[in-house]
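To start, the structure under review is shown below, and the notes come after it.
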Amino acid sequence: MCLDLLYSILHQIPVERRGEMGLKHRKGRRKDKDSPTPPAAEESKRYLEDTCIKERVTDADFFRLVSLPHSLDKNEWLATHAISFFNHVNLVYGVVSEYCNSETCSTMTGPGNVQFLWYDDKGKKYKYSAPQYVDIVTTNIQREISNETVFPTKFGQTFPSTFESTVKKIHKYLFHILAHIYHVHYSDFVTLQMHGHLNSLFTHFMVFNIKFDLLEEKDYEVVQDLLKGLIQLLPDPNQNEGKENTAPSSDKDNNCVSMEVSPTHI
């Protein structure tokens with residue numbers, strides 16, 4: 001099920017706004033960042049402005065959307081979402097790719113001026129410009145997704161025991177791309193009047209990650225203020241207790257974004 005469908009299937013559900021997020025918060029200090037780069041003195045966070053953070057393209061109940069449907073294999077659910085999120089992150093990055101070059105983005109940074117580094121299979125880390133980093137990440141994720149031994153597509157094939165770890169790694173790198181967009185290119189999205197799409201994608205992505213524990217809190221600590229602001233605008237997740245995630249049939253089922261991907265190992 002692609003995100004376009006997920007964004008639309010619950011538009012008829014009554015939405016009650018709430019004040020505080022109902023997710024449990026694990027306390028702890030971040031001990032290891034990708035790079036100990038000192039934060040900027042006064043970082044502008046336009047994405048936290050009231051008029052910006054409220055922009056979205058749907059009022060869908062993301063807490064219900066991410067819930068694993070009854071009788072559906074968890075790995076199938078993770079695989080479907082990993083591919084969909086990968087395609088949509090690619091799409092939103094494409095919006096600002098012409099503004100993201102080695103001169104404007106000489107390092108791959110996120111909020112707080114944290115630098116994201118690339119680690120090879122041997123654990124050696126590399127520092128790249130943002131466009132280089134994104135290219136390496138997306139190329140490797142594509143190779144991983146197209147690997148039938150990791151993302152099986154034929155009947156009778158099974159997922160490897162390491163599949164969830166693979167999804168976690170993919171989502172961590174996708175998070176880095178989204179964090180960079182918010183940190184450096186959010187104003188470009190506002191200018192193009194597409195920040196509502198970015199906010200909706202990021203909210204859906206993070207609610208899914210938190211639901212299935214795919215990211216460690218230290219991984220997204222740099223966007224805690226943004227995440228809290230976005231989740232505060234969602235319906236109370238407690239109102240969905242005991243409700244099964246079933247999507248009503250709709251003609252929009254055929255409007256999914258094509259997901260033709262061809263992915264090595266991250």
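The values are calculated or read from the model by the stated rules, or taken from the named source; none is laboratory data. From a predicted model like this one, the values you see are computed outputs, not experimental measurements. All Cβ positions, glycine included, derive from the backbone under ideal geometry; neighbour counts span all protein chains shown. Note: accessible area is taken over every heavy atom of the protein model, side chains too, but ligands, DNA and RNA are not part of it. Shrake-Rupley method; radii C 1.70, N 1.55, O 1.52, S 1.80 Å.
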Only one residue in 91, 78, 117 is aliphatic (A, V, I, L, M), within 26 Å of residue 224 (Cβ to Cβ) and open to solvent by 40 Å² or more (accessible area, probe 1.4 Å). Which one?
-> 91
Here is a list of conditions, (1) of a type in the set (Ser, Thr, Tyr); (2) within 23 Å of residue 48 (Cβ to Cβ); (3) open to solvent by less than 10 Å² (accessible area, probe 1.4 Å), and residue 133 meets all of them except one; can you say which number that is?
-> (2)
Of (1) in contact with a Leu (Cβ under 9 Å, 6 or more places away or on another chain); (2) part of a loop (DSSP other than H, G, I, E, B), residue 178 fails just (2)
Which residue pairs have Cβ atoms closer than 9 Å, lie 6 or more positions apart in sequence or on different chains, and pair a first residue in region 122-143 that is under 19 Å from residue 98 (Cβ atoms) and in a helix (DSSP H, G or I) with a second residue that is open to solvent by 10 Å² or more (accessible area, probe 1.4 Å) and of a type in the set (Gly, Ala, Ser)?
-> 130/102; 130/106; 131/97; 131/102; 132/102; 134/97
List every residue pair whose Cβ atoms sit under 7 Å apart, with the two residues 6 or more apart in sequence or on different chains, where the first one lies in region 200-216 and is within 18 Å of residue 163 (Cα to Cα) and the second, anywhere, is polar (S, T, N, Q).
-> 215/209
Would you pick out the residues in region 144-175 that are of a type in the set (A, V, I, L, M, F, W, C), at pLDDT 95 or above and not in a helix (DSSP H, G or I)?
-> 150, 151, 159
Residue in region 220-234 that is modelled with pLDDT of 85 or more, open to solvent by 10 Å² or more (accessible area, probe 1.4 Å), of a type in the set (Asp, Glu) and part of a helix (DSSP H, G or I) present | yes
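Could you list, in sequence order, the residues of region 118-174 that are hydroxyl-bearing (Ser, Thr, Tyr) and more than 22 Å from residue 214 (Cβ to Cβ)? Write out each step before concluding.
First, pick out the residues of region 118-174 that are hydroxyl-bearing (Ser, Thr, Tyr): 119, 126, 128-129, 133, 138-139, 146, 149, 153, 158, 161-162, 165-166, 173.
If the condition is that a residue be hydroxyl-bearing (Ser, Thr, Tyr) and more than 22 Å from residue 214 (Cβ to Cβ), then 126, 128, 129 are the ones that fit.
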How many residues, within region 152-193, are open to solvent by less than 60 Å² (accessible area, probe 1.4 Å) and of a type in the set (S, T, N, Q)?
-> 2
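Are any residues in region 103-114 out of contact with any Ser or Thr (no Cβ under 8 Å at 6 or more places or on another chain) and open to solvent by 40 Å² or more (accessible area, probe 1.4 Å), and if so, which ones? I'd like the intermediate steps shown before the answer.
Within region 103-114, the subset out of contact with any Ser or Thr (no Cβ under 8 Å at 6 or more places or on another chain) is 103-104, 110-112.
Hits for region 103-114 are 103, 104.
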